[in-house]
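So the structure is just underneath, and the comments pick up after that.
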Amino acid sequence: MSETLSRRGVLGAGALVVAFSLGPRALAQEGGAAPKPVAPGLPGSLKTTPMLDAWIRVDADGITVFTGKAELGQGIKTALIQVAAEDLDVAPAAIRLVTADTGRTPNEGITAGSHSMQDSGAAILNAAANVRMLLAEAAAQKLGVAPDALATTGDGGFKAPDGRTVRYADLAAGLSLHVAARADAPHRPLGARRTLGHDLPRVDIPAKLTGGVAYVHDLRLPGMLHARVVRGPSVGTELKALDEAAALAMPGVVKLVRNGRFAAVVAEREWTAVQALQRLQQAGWRRPGPPLPAGDPLASLNGPSQDEVIQDVGAGAAAGVRTVQARYSRPWLMHGAIGPSCAVAHFQDGQLTVWTHTQGVFPLRGAIAQLVKLASDKVRCIHMEGAGCYGHNGADDVAGDAALAAMALPGRPIRLQWMREQEHGWEPLGCTQAAQIRASLDAAGHIASWRFEVWSHSHNGRPVTAGGLLAGLEVDPPFAPQIPRPIPMPEGGGDRNGVAIYAFPQARAVSHFIEKAPLRASALRSLGAHLNVFAIESFMDECAKAAGADPVAFRLAHLTDERAKAVIALCAEQFGWASRRLSDGRRGTGFAFARYKNLASYCAVALEVEVEHETGQVSVRRVVSAIDAGDVVNPDGLKNQIEGGIVQALSWSGLEAVTFDADHRTSFDWSAYPVARFRDVPGSVQVHVLNRPGTPFLGAGEAAQGPAGAALANAVADATGVRLRDLPLSPERVKAAIGI
Amino acid sequence: MIVLNVNGRDHSLDVPPETPLLYVLRNDLQLNGAKFGCGLGQCGACTVQVDGQAAYSCLLPVSAAAGRHVRTVEGLGTVEKPGVLQRAFETEQAAQCGYCIAGMIMRAQALLDANPRPSEAQIRAHMQPNLCRCGTHMRILRAIRRAAGLPPDGKMEAA
Amino acid sequence: MTSAGLIRALCAAGTLILLASACAGGPKLPPPPPQSFDRAEVAQGFALAKLGDCQGCHTADGGVAYAGGLPLKTPFGTLYTTNITPDAQTGLGRYSKDAFVRAMRRGVRADGAHLYPAFPYDHFAYADDRDLSALYAFLMTRRPVARTAPANRLIPPANIRGVIAVWKALFFHPGPPAAPDPNDPRARGAYLVESLGHCGACHTPHNALGAEQTRQALDGGYQEGWYAPPLNALTPASVPWTPERLERYFKTGLDRDHAAAAGPMGTVIRELAKAPDADRRAMAVYLAELMKPSPAGRGQTALVDRAAAAASAHPQGASLYAGACASCHEPGAPMMLQGRPPLPLGTPLHEADPRDTIQIVLQGLQPPLGGAGPYMPAFGSSLTDAQVAEIAAYVRARYSDRPPWSNLTAAVAEARKQGAS
């Protein structure tokens, strides 16, 4: 098998390779437990929850909209309010939105994968159209006119041609919304839109600017106690014998909750809990298991793999006159939310309530119920915001920790927050990956054949059972750990965006899933797309260079998707690509493009860098991006996401790498895991939106991660003449590459 | 008893004197603005002003703040009547998750109090201690420029 | 020497000024093209530039490497470092190799003017021809950057360059360049320490006119508001330095049993870390030997932790420490679980002078920009002088068996003044 052979060549001779095909992959989605579709013909999450009153309720108090998705700082609340307001034709302020709560909202699985607008946005837009249609029918009956003779007033009512009006609230009393949605309820005409497509200021921002209650961290319940979980410094370590008496002797310490290896200290005051934790940590730590493979961060990718062909088009090897081949990699990366994970849990009268910033309240409920041995209906998980969520961080684990502590102290709400070093040490990481590409170019400089291979650990460790929570592995008896599974294509996990969007006469791509990983791995924003797009888009530049072609023209020549071409053209035009400054050994420009998952947003990024020869320091002078996210609900909200994605991906790609030695993760704080600060971020970032009203919503939250990293690498290569293929493009590496 | 002046008001507090100001602000005074980010003085999420200067409240014992003027983001304005920086952050929609933002505003306030029209390099250097992980930096910079009456599209001086 | 002494010296040596001026004047050729330099020689120059940390002084905060403009605070006012990129107008562009060697060894500018001894030609004078030639090759192949340093702000009479001639007459009597056996690490180390490494520029005490007291070489000195501890048997280190530990410290800025590099040494490490391993090792071998305790000296000091006594002597300091310092420095803190230097071993706590301890509290520690490494936040803006003094008194009492520091509040105020840029 050629993949295996080349893999040996790629990842080092002598590697033990056990390659086998799984056939159809084990059923697994990003996030595991997703609800089952019952109405496949309906848009978005109506497929799984088709009844209208699960989404929208209208009563004398006004309109309430329910979503199973969670606000992660991506602005989903505002966007969903806009969507509902548009098709109900009311002011956004008239809508109350209830987000992910197992006691109140539809089960929409996980808020991840840039799915929120596709799932919940499409469901609510359609439900709103259905509700308006039903209200219009009721109004028509009441006013004795035909439904299509009625016009909405824009403030929650209908108006008949003769000027008579009727309010939604009055109609709602006699109307049941406990009916299934129809797929064909008419939407308001595009030309008449009042809310959708406009910049609505985010509803969550004012409280965040003024010290309002905005996060689960800010929740204060009567009688609440403060807790800290007691663990070794990072995954795979444990503290030696705890000096329980010393901790309990500290004034204000209420309890040391212990169950197997799980321990949490609970105190009246938060600072007391912190001090007690520090006292307990004096025990020192050890690593009970086998040592980590310190040294080469890619070494673990040589482990036994499950292999799958994810693309195989065109027959036979096309004739090429020139072959280009390269290997790319990225290290382990950290989410590193600024606020360590936090949860509040309260066990009273046999009912456990957990306030959490998880991405999936329903799957978490199942895992916690198992952990604390309660029936699912005795556990309620309510989402409240946390600090930045870029995937599966400590949110679920800390909820499990808080739940265990709360079970030991019935009647007292427990607020448990991780320490910074606990978040750095225990959160699941985005895994290391490598990709190899080989292409042959024909005489005309076109790519005739394409071979792509990617090696990756899991991107899906989200909890479905108690064994998916840290505490579940620590209690006695422990729960069985979850076995990582690949996420199937077309979305993919490590192979997300592993199929190049370009049209090649002959192309084959293989995904290698390596189950056994040295560090804890799970979903980090864009999963494998970050590395795969970095690899493919770096390689497209390498091919363009080999063909003597302009990088943008070379991409366009290999594309058939008109929307892709339009985004590239817009980005190139706004950047001034045609008249860009030519590389002078110091300044350079780079371009990259991808359609996220090949089925969500189209995103192109162009940027200009300056490389400081003496230090290898790369400064990004300016960034221009173009995005097609389909029907854009809130253009400024979309720009905010793309800007943020670009800046974050530049930090990942330029600076970041989780380090570890034989015993533990050594990236324990911001001094050991530096990320971009104000002096490191670009001079400017511009985002241009290509709006396509009336087309489906395309997820955009992760669309920039891959293109931004690739554009950076391409610009550095342009500036210095040296191609760097291993992330991060740190000053040390750049300096080493450009030499003295 | 420690008498702590926060946002112009004195509070008599019966708390252990070494308690970092952050915990007193959040738990005793129920002010949410300052956030626990690292407890190590590395990220700035807990930034408040003490006698006008930006300070990490996670590493400032409350006894060290007694007798001095502590200002938190709550002291700059409210949702209804936002302060200049708060309004600028709102106008620029300069937040994603927003966890770092109260600290950002307080550090920026300390800069603008001392230097009402800072250069781009001065703004970036001053804001260096505060981390944002969502990548909202460009909007935060715009908001600071806006509050300072500078053109929102600041340019770094050519190297 | 007092300022009255300085004036006397000026009069006595007046003729020398004239003499020096008469000697002034130098070659003014166009810059040699970068490709005219041998690549191996450039590489050797790179290594030496890293070892000597040229970049540390000749780069402004946030500025272009080697383009100068960094303010250097001296007792005589503020000097701005020069542009040493090969720019013809503002840098070294018109320096011939001979002019460069003369500047390095004699402290004379290409136009004949004297260079202030903040530029340590008293050390560079010992550099051998080959090394200076390599350094010249390295600097002349940098990117020329047009940038003029701000004008120096010095107090009279130091603001008159001619005065430097007097200074040189009094203090600058270098011996001949050294050329040690490259295969003898100790000799190589001694050469590097004394010449391009210019360790004594900070670690040797200076007299009132800013000249090194050569008879107290490496006895410890003051620089930019910091105390550079002795690099000889006077070392206050609790645990003896070994060549291996020093070498690692030069590479990482961190040694668990001593400290993390702080203040000016932080920037030195940033460059020293990029120097060749063999050179770092050679310097480590030599310096470790110098730091071997003298026969009368101490060996390893027993570590002390007198928490209760220190707290009762300095209750306020203990409380401030508990809230401001313990989260990182107390046993059980994350830094301690990760092997960062424990406070009781921190060299500054055992120094006779409190200023390093004070400066670290005021200014904190910075890892190289964007790079991972030891970090400590600055407390200068959040703690008052009295509060910093309390903390310093407490940690000294708790962790050092040396006598208490006195007049700490005044020392904090002074350190603040000297540390402010």
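The values are calculated or read from the model by the stated rules, or taken from the named source; none is laboratory data. All values derive from a computational prediction rather than experimental measurement. All Cβ positions, glycine included, derive from the backbone under ideal geometry; neighbour counts span all protein chains shown. Quick note on the areas: whole protein, heavy atoms, side chains included, nothing else; ligands and nucleic acids left out. Shrake-Rupley method; radii C 1.70, N 1.55, O 1.52, S 1.80 Å.
At a glance:
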item: Entries in A:516/A:735; A:545/A:735; A:255/A:516; A:516/A:565 that, when Cα-Cα distance is taken, lie over 31 Å; result: A:516/A:735; A:255/A:516; A:516/A:565
item: Kyte-Doolittle mean at least -0.5 and Cα axial length at least 30 Å: DSSP H helices in chain A; result: A:122-143
item: Residue-span extension gain [residue A:38 to residue A:565] - 0.36 nm each, minus C-alpha spacing; result: 186.0 nm
item: Cα gyration tensor shape of the stretch A:561-740, rounded if a/c is under 1.5, else prolate or oblate by comparing a/b with b/c; result: oblate
item: Shape of the stretch C:104-183, Cα gyration tensor, a/c cut at 1.5; result: oblate
item: Residue C:224-residue A:443 FRET efficiency (beta carbon distance; Förster radius 60 Å; 0.05 resolution); result: 0.40
item: Percent antiparallel among DSSP beta bridges (both partners in the protein assembly as shown, rounded to 5); result: 75
item: Spatial separation of Cα centroids for the stretch C:169-233 and the stretch B:38-89, in angstrom; result: 46
item: Shielding score for A:267-278, defined as the mean number of other chain Cβ atoms within 10 Å; result: 5
item: Residue-level accessible surface for residue A:469, protein heavy atoms, 1.4 Å, Å²; result: 0
item: Inter-probe distance in nm under a simple model that places probes 7 Å from Cα toward Cβ, at residue B:66 and residue C:128; result: 6.6
item: Rg/Rh ratio calculated on Cα atoms of the stretch B:84-147 (Kirkwood radius); result: 0.91
item: Cα long-axis angle, helix C:385-399 against chain C (0 to 90 degrees, to the nearest 10); result: 70
item: Reciprocal mean inverse distance between Cα atoms of the stretch B:15-159 - Kirkwood radius, Å; result: 15.3
item: Probe 1.4 Å, all protein chains present, accessible-area order of A:203, A:611, largest first; result: A:203, A:611
item: Residue A:385 - accessible surface, heavy atoms, 1.4 Å probe, Å² rounded to 10; result: 10
item: Where only alpha carbons of chain A are counted, the Rg and the Dmax (Å); result: 26.7, 86
item: Spatially proximal lysines relative to residue B:35 (Cα-Cα < 19 Å; intrachain offsets below 8 disregarded); result: A:208
item: Mean-position separation - Cα centroids, the stretch C:94-141 and the stretch C:245-292, in angstrom; result: 25
item: Lysines with Cα under 24 Å of residue C:292, excluding same-chain neighbours fewer than 8 positions away; result: C:251
item: Residues listed by number, the stretch C:339-362, amide nitrogen under 11 Å from residue C:413 label point at 7 Å toward C-beta; result: none
item: Eligible lysines near residue C:417 by straight Cα distance, threshold 23 Å, same-chain separation 8 or greater; result: C:73
item: Cα-centre dipole for the protein assembly as shown with unit charges at Cβ (Lys and Arg positive, Asp and Glu negative), debye to 20; result: 1060
item: Pairwise centroid distance, computed over Cα atoms, of the stretch A:191-210 with the stretch A:682-706, Å; result: 17
item: FRET efficiency estimate (nearest 0.05) - Cβ-Cβ, residue C:215 to residue A:476, R0 56 angstrom; result: 0.20
item: Area of residue B:78 that stays accessible when all protein chains are in place (1.4 Å probe, Å², to 10); result: 60
item: Extension gain, residue A:515 back to residue A:659 (0.36 nm per residue minus Cα-Cα distance, nm); result: 49.8 nm
item: Principal axis dimensions, largest first and in whole angstrom, of chain C by Cα; result: 69, 49, 44
item: FRET E, pair residue A:192, residue A:104, Förster distance 35 Å, beta-carbon r, rounded to 0.05; result: 0.65
item: Cα gyration tensor category, rounded, prolate or oblate, for the protein assembly as shown with a/c compared to 1.5; result: prolate
item: Approximate spin-label separation residue C:78-residue C:386, in nm, with each point projected 7 Å along Cα-to-Cβ; result: 3.1
item: List A:176, C:381, ordered by accessible area with a 1.4 Å probe, largest first; result: A:176, C:381
item: Spacing of the two label points (7 Å from each Cα toward its C-beta) at residue A:348 and residue C:239, in nm; result: 5.3
